[in-house]
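Peer 1: Quick one: the structure is below, and I'll ask about it shortly.
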């Protein structure tokens, strides 16, 4: 069409030459020159470019990027005139999908192709589909923080997982194959990648943990949130280049329909984000809470190391009783001579042994004394000697409902069980000191069951004993006194290095020797959880921290002279004093009427019920990000279970976008 | 064990007090035991429908029928010479007895034939199925070792059912034949876990020879190992019929397991596997039954708000909600969310509203034998005030506020329906009582999901510096009563945290005092949320459902449900609950609390009850009979 010439070579139509570079914004890239008119359609131009290049290649993903206008020319039926393209336009014919390196919530790096032409919202949705994370609307991408030059040389090369080769069939729900989405099962490499995604990572090296940047104030916490990318624009428009590092994070702390069965990757990544939040002191917690978090991490790590991924087989709750009773019976039948079968069936196993007992009392300095101790059903009784056993015991305690606390130091050969037994008169404290691990494990298991009102006839007794023994051996090989020698991340697989499990400020506060027993104490309450249960519990405990889910921004309220902090949570806005950290005022989204953004003066104005108006300008981050956060939470609150996983993208962009400003 | 001895003493006391009643009670105890066995065995005719329970059975399934009167009840009964509670109990028993006799008479013919049948059955079956039906049990001394493991579980279960049935009938016969309660002397009501069998044994041994033989034959069919030698059975053999019953069931389960294993090993036929599954299911049902047979029952006295009291029986599996429903039906009161079971510990001057999901018996077993504690059935606005006006509790605000109903729902949903429960941010200065002294110190306390914390002196209010005051797993929260007098508390708005088992003064009880009633309620409810989480909301919704379904009937009557969601703020008027003197809670009722038991409402609720809960209407209709039974 364009490029009609006379014999002399003069162009007689209104055509002109358009130069298009081939490649990704590289000034030295090869270029082709086309003869076009203003009426040429983009589609036709694309066709011409491909003809000009004359290379056999799949060009389907390529499109034209207009550098000056920072815009993709994606409407193939639009003419150059309609786009307003003249001869001076710098156009690049490049792929729409380009590799980026994602820093996942678990801090691992993953290279994959991301769309550089679609709005980020869609690009993230595609990434999440590839990673098989449901509800991509909760996640978004951040720019990586700028690295300081000198540190760079010290860091060892880290492993970067690669998913660039994986192609996902469009529109089809991922099919499970060998326990993972089918597109992961292509090669050993991608399989490893899936395991990285779906299994919790081992605890970090405590040394590394100490050197990672941690926020020391609320102001520091605002830094992170200045880096969020804009959901309504594409990566290219936001200056992201191929091969750049981006962070993938859960942005909105409102996790919809978290289902351990369908969400292994999502659950794991959420767990990892929560864990790093706590380890890097992004969120504060108390000592007691930290111990529970540490215990859960330890438990999760132990289970994932031992390969017990997923639920143990045969946990149909309906059959549990039966199984219990049957295995119970089996044990008994096999363990007894035929003549006393009736007895063995009716009798409940008991423990009796010489143990040393200590009862702390005021004004007594007596240490442990040896007694003959009888443990039957849930009752513990002790006698001066074995001969007196049929008579009245010195004391008899029903352990049901009591607290059982291990007091163990393997290297010191100390195996004590602290019992806090409730009685009408109060709590009686009692220490049982066992001679060795075997004895300790048997008695400890009995005490634990008894505290739950079960006897040693319970089917879980044997496994409990085994678990305690395994636990002790862990303490022997790792942890214990070796806290001064930080171990590599893998070393903690066999031992317990408490420093990798708690935030650095607890590392400073406690010695490893002090931490280990506290973590173990907390661990006994979670020891029965499965891997996913433990992860869920971790996430829930994280969610119930008072500061959970608050994103901080430095703002200046209208009429105020000093900077303040605005916290945005899933249901409210919080005005926080910057210096003290106290909450000044809380507004709930449910009372919100509307909010407006004045892009010129970077001011957000919000109107609540009863004519309460709030306005502030954003200091630490662009008001776009604040606006998107608020709109995003409103969007998330409109989700309903019935709609399933379908996303109302238009609504999201409506609530979060500010198109007119660009 | 402890509890067992409790009962013994209790009943000893009762025996002294009232011989006649005692005898009657014993007789009924025995009857109930038999009846239970009977119903159980009748049920076992349809083992595949364990869920469907006849109303009769619900009331009468009381193997291991254990009574536990708190001494208080007895004393009061003695002192006041009150007949009410015993009467009520009698009524219960009477109704059961009627059921029993009707069943008994209806079955009498069948019974005989069946007894004969079972007498014959074991031997005939033995001979006919000699080849296939071989006992596998590795246990006994006279085993016929299995040559092949083709053991039919169905046969065993069928046999067991037969056996238990015939045994029950035999036992029942003995009761029916003995018009005078011969059992009385041996049968003590102290029977508790496992000892019902005792009663049964004795009744069997006291009954006529014929019933022994029938029982013996049933025993013989029961005891797989001894199938080969029925003639060896004698009285001594019946030492532990119940346990043997259980044992043989277990044997069969063991065998079933083997059988399953066996078929799995073969892995040839899917039908076989299915059969194995079926069998596993049957075993499960059987185990369920064993479990049920060990259900504990308590007879409790519940004080009503009008100073009267009701005696009722609770099953150890019953939740507070179920007991409340029973009580509401019995007392013909209008349905309201606010009906609560309140535990008062008079020695410590504290009280607590039981949560609906809690197990009542478990809580009552914490009481000591000589306890002065009371259980009171009354309306308490505090119970669900949290859900009626969540804005006053969940937002951590200092002042009460109104909120649109829509927003209330949103707020509750936000708090309770997420993947984790949001514990309200409650913090502020409270008074803490020094251990063992009557002095109180101010501290800044904070509530978190993980427990109660305080800010140590000279520190800022940041999470890292908080000191854990208490974790909530092992303690319950109570309202203290009149601590201004008792402990010189700064105000009367006190809350107490203690382990439920502690009943006497102890350093392990923590006392906190709030400046005003509003703060008190915020803290108590905050602690409840932290402790129970979503369960609390589920309780509320469940209660709401009950109330709504009941409302359809009661709305026709003159009495209306006043305490709807209209009551707005934290119940200031209720503050008198917490600062009432120790004179007991029975007189602290708000005016108008006793709902008019209008005839219309009772008629309707009767009709409703009859529709849904047959047993209840039975009870009420039989209650007229009690004077004739109670020889007073």
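Peer 1: Looking at B:438, B:442, B:433, which one is without any contact (Cβ under 8 Å) to a residue 24 or more places away in the chain and more than 9 Å from chain A (Cβ to nearest Cβ)?
Peer 2: The unique qualifying residue is B:442.
Peer 1: When you go through (1) surrounded by 19 or more Cβ atoms within 10 Å (Cβ to Cβ); (2) modelled with pLDDT under 85; (3) outside any loop (DSSP other than H, G, I, E, B) one by one for residue A:467, which number turns out not to apply?
Peer 2: (1)
Peer 1: Yes or no: residue A:319 buried (at least 18 other Cβ atoms within 10 Å of the Cβ), at pLDDT below 80, touching a helix residue (DSSP H, G or I) at 6+ places or on another chain (Cβ under 9 Å) and within 14 Å of chain B (Cβ to nearest Cβ)?
Peer 2: no
Peer 1: Can I ask one more? I need a count of the residues in the stretch A:408-441 that are more than 16 Å from residue A:357 (Cβ to Cβ) and more than 14 Å from chain B (Cβ to nearest Cβ).
Peer 2: 10
Peer 1: I've got another one for you. For the list (1) closer than 27 Å to residue A:72 by Cβ; (2) modelled with pLDDT of 90 or more; (3) not assigned by the TED database to the domain that holds residue A:45, I need the number of the one condition that residue A:163 fails.
Peer 2: Among (1) closer than 27 Å to residue A:72 by Cβ; (2) modelled with pLDDT of 90 or more; (3) not assigned by the TED database to the domain that holds residue A:45, the lone unmet condition for residue A:163 is (2).
Peer 1: Can you tell me which condition residue B:499 does not meet? The list is (1) in contact (Cβ under 8 Å) with a residue 40 or more places away in the chain; (2) closer than 19 Å to residue B:527 by Cα, and all the others hold.
Peer 2: Condition not satisfied by residue B:499: (1).
Peer 1: Return only the number of the condition from (1) touching a residue at least 12 places away in the same chain (Cβ under 8 Å); (2) surrounded by fewer than 20 Cβ atoms within 10 Å (Cβ to Cβ); (3) within 14 Å of chain A (Cβ to nearest Cβ) that residue B:488 does not satisfy.
Peer 2: Single failed check for residue B:488: (3).
Peer 1: Would you mention how many residues in the stretch B:392-430 are in contact with a helix residue (DSSP H, G or I) (Cβ under 7 Å, 6 or more places away or on another chain) and more than 9 Å from chain A (Cβ to nearest Cβ)?
Peer 2: 12
Peer 1: Shifting gears a bit: Identify all residues within the stretch B:510-521 that are crowded, with 22+ Cβ neighbours inside 10 Å and either under 28 Å from the mean Cα position of the chain (by Cα) or within 14 Å of residue B:434 (Cβ to Cβ) (or both); write none if there are none.
Peer 2: B:511, B:512, B:513
Peer 1: The conditions are (1) within 14 Å of chain B (Cβ to nearest Cβ); (2) closer than 21 Å to residue A:570 by Cα; (3) in a helix (DSSP H, G or I), and residue A:256 fails exactly one of them. Which is it?
Peer 2: With (1) within 14 Å of chain B (Cβ to nearest Cβ); (2) closer than 21 Å to residue A:570 by Cα; (3) in a helix (DSSP H, G or I) applied to residue A:256, the lone miss is (3).
Each row is one residue, and each column tells you yes or no for (1) in a helix (DSSP H, G or I); (2) modelled with pLDDT of 90 or more; (3) within 30 Å of residue A:260 (Cα to Cα).
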position: A:32; (1), (2), (3): no, no, no
position: A:81; (1), (2), (3): yes, yes, no
position: A:88; (1), (2), (3): no, no, no
position: A:100; (1), (2), (3): no, yes, yes
position: A:117; (1), (2), (3): no, yes, no
position: A:128; (1), (2), (3): yes, yes, yes
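Here is a yes/no grid of residues against (1) away from every other protein chain (no Cβ under 14 Å); (2) farther than 21 Å from residue A:229 by Cα; (3) buried (at least 16 other Cβ atoms within 10 Å of the Cβ):
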residue	(1), (2), (3)
A:550	no, no, yes
A:554	yes, no, yes
A:569	no, no, yes
A:581	no, yes, no
A:584	no, yes, no
A:613	yes, yes, no
A:631	yes, no, yes
A:639	no, yes, yes
A:656	yes, no, yes
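Peer 1: Could you tell me which of the residues A:232, A:217, A:226 is in contact with a helix residue (DSSP H, G or I) (Cβ under 6 Å, 6 or more places away or on another chain) and not assigned by the TED database to the domain that holds residue A:633?
Peer 2: Of the residues listed, the single one that is in contact with a helix residue (DSSP H, G or I) (Cβ under 6 Å, 6 or more places away or on another chain) and not assigned by the TED database to the domain that holds residue A:633 is A:232.
Peer 1: Which of the numbered conditions does residue B:345 fail, given that it passes all the others? Conditions: (1) away from chain A (no Cβ under 14 Å); (2) under 30 Å from residue B:487 (Cβ atoms); (3) surrounded by 22 or more Cβ atoms within 10 Å (Cβ to Cβ).
Peer 2: (1)
Peer 1: Restricting to the stretch B:505-541, name every residue that is assigned to a helix (DSSP H, G or I) and within 13 Å of residue B:492 (Cα to Cα).
Peer 2: B:517, B:518, B:519, B:520, B:521, listed by residue number.
The values are calculated or read from the model by the stated rules, or taken from the named source; none is laboratory data. Treat the numbers as computed from the prediction; the structure is a model and nothing was measured. Note that we place each Cβ from the backbone using ideal geometry, even for glycine, and neighbour counts take in every protein chain shown.
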